[in-house]
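A.B. asks: Quick one: the structure is below, questions incoming.
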Amino acid sequence: MEIDNILLLRTIFLLLPFIALYSYFYYYVKDDFFLKPRTYIQLNIIMLSLVIAFILTVYWNLSLREYSFVGFALESIHGKNSNQSSNVILILLGTLTAVLGWLFTNRGQDLNSRRSHSIQTLMSSRLSEAYANHSNYATKVFTSLKEKHGEVYNLSLQDYSELEQLERNAIIYQLNYFEFIAVGIRYGDLDENLIKNTLKSIINTNCVFFQNIIKDKQGKSPSLYEHLTALNERWNCK
């Protein structure tokens, strides 16, 4: 291959859209809060890459027919006639379109699956007798101490130690449940927007009121409730 056929500048031009796309996702879409790459974000990157490849393939076919690229010759420079070259391009474009449609379908299925799983998780907590009982005990502690000490009061370690065992168990159960929710969100198994619109105020209220308990537990085991703490900070940061 002659050096004139390499077309360095045109090659760089073809790569620039991909570089811009990946840079945008890395600096503006990537979120370190999530512990596992979000599937629909990955599919978005792949689909946009295929769209760029589709557009560039059409551009190459229309404007750079006399040059070869990745083994394809659009004219007879490799002994192929123009009809055969056109067939190759049509097959390539058809393949890109089919793959793009398949990825779009999978993206929709992934989003629907996460939303369905999130709704099932929320509904199971509402229908769970154990959750309802523990929630009632925790709410009783919250309302009684707020009435006694004022709205700005948060549960102290001393008052916590003076609670009945059932009430202390209810508080830990509540915090463990919200930790489970936070883990599901950070690993991409639960839909963050759906959970946020449903449980944000409840999680924030519990994190604030039981913050002394959380800090005490984390002082003994730093990893305890780390996901719940991170989620609450994320939802309430300005």
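The values are calculated or read from the model by the stated rules, or taken from the named source; none is laboratory data. Keep in mind it's a predicted model, so treat the numbers as computed, not measured. When we count neighbours, we look across all protein chains shown, and the Cβ atoms used for this are built from the backbone with ideal geometry, even at glycine. Calculation scope for accessible area: heavy atoms of the full protein, side chains included, ligands and nucleic acids excluded. Shrake-Rupley method; radii C 1.70, N 1.55, O 1.52, S 1.80 Å.
A quick yes/no check of all residues on (1) more than 30 Å from Ile41 (Cβ to Cβ); (2) among the small types (Gly, Ala, Ser); (3) in contact with a Gly (Cβ under 9 Å, 6 or more places away or on another chain):
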{"position": "Leu157", "(1), (2), (3)": "yes, no, no"}
{"position": "Ser161", "(1), (2), (3)": "yes, yes, no"}
{"position": "Glu164", "(1), (2), (3)": "yes, no, no"}
{"position": "Glu167", "(1), (2), (3)": "yes, no, no"}
{"position": "Asn176", "(1), (2), (3)": "no, no, no"}
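A.B. asks: When the stretch 120-170 is examined, which residues are found to be surrounded by fewer than 15 Cβ atoms within 10 Å (Cβ to Cβ) and either of a type in the set (Gly, Ala, Ser) or touching a Pro at 6+ places or on another chain (Cβ under 9 Å) (or both)?
C.D. replies: Ser124, Ser128, Ala130, Ala132, Ser144, Gly150, Ser156, Ser161
A.B. asks: Find all pairs meeting these conditions: Cβ atoms under 7 angstrom apart; at least six residues apart or on different chains; first residue within the stretch 121-147 and farther than 13 Å from Tyr177 by Cα; second residue among the acidic types (Asp, Glu) and part of a helix (DSSP H, G or I).
C.D. replies: Tyr137/Glu167; Val141/Glu167; Leu145/Asp159
A.B. asks: Between a first residue in the stretch 158-169 that is of a type outside the set (A, V, I, L, M) and a second residue that is in a helix (DSSP H, G or I) and open to solvent by less than 90 Å² (accessible area, probe 1.4 Å), which pairs have beta carbons less than 6 Å apart while being 6 or more apart in sequence or on different chains?
C.D. replies: Tyr160/Ile213; Glu167/Tyr137; Glu167/Val141
A.B. asks: Let me ask you something else. Determine if the stretch 181-203 includes at least one residue that is basic (Lys, Arg) and in contact (Cβ under 8 Å) with a residue 40 or more places away in the chain.
C.D. replies: So far as the stretch 181-203 goes, yes, one or more of its residues are basic (Lys, Arg) and in contact (Cβ under 8 Å) with a residue 40 or more places away in the chain.
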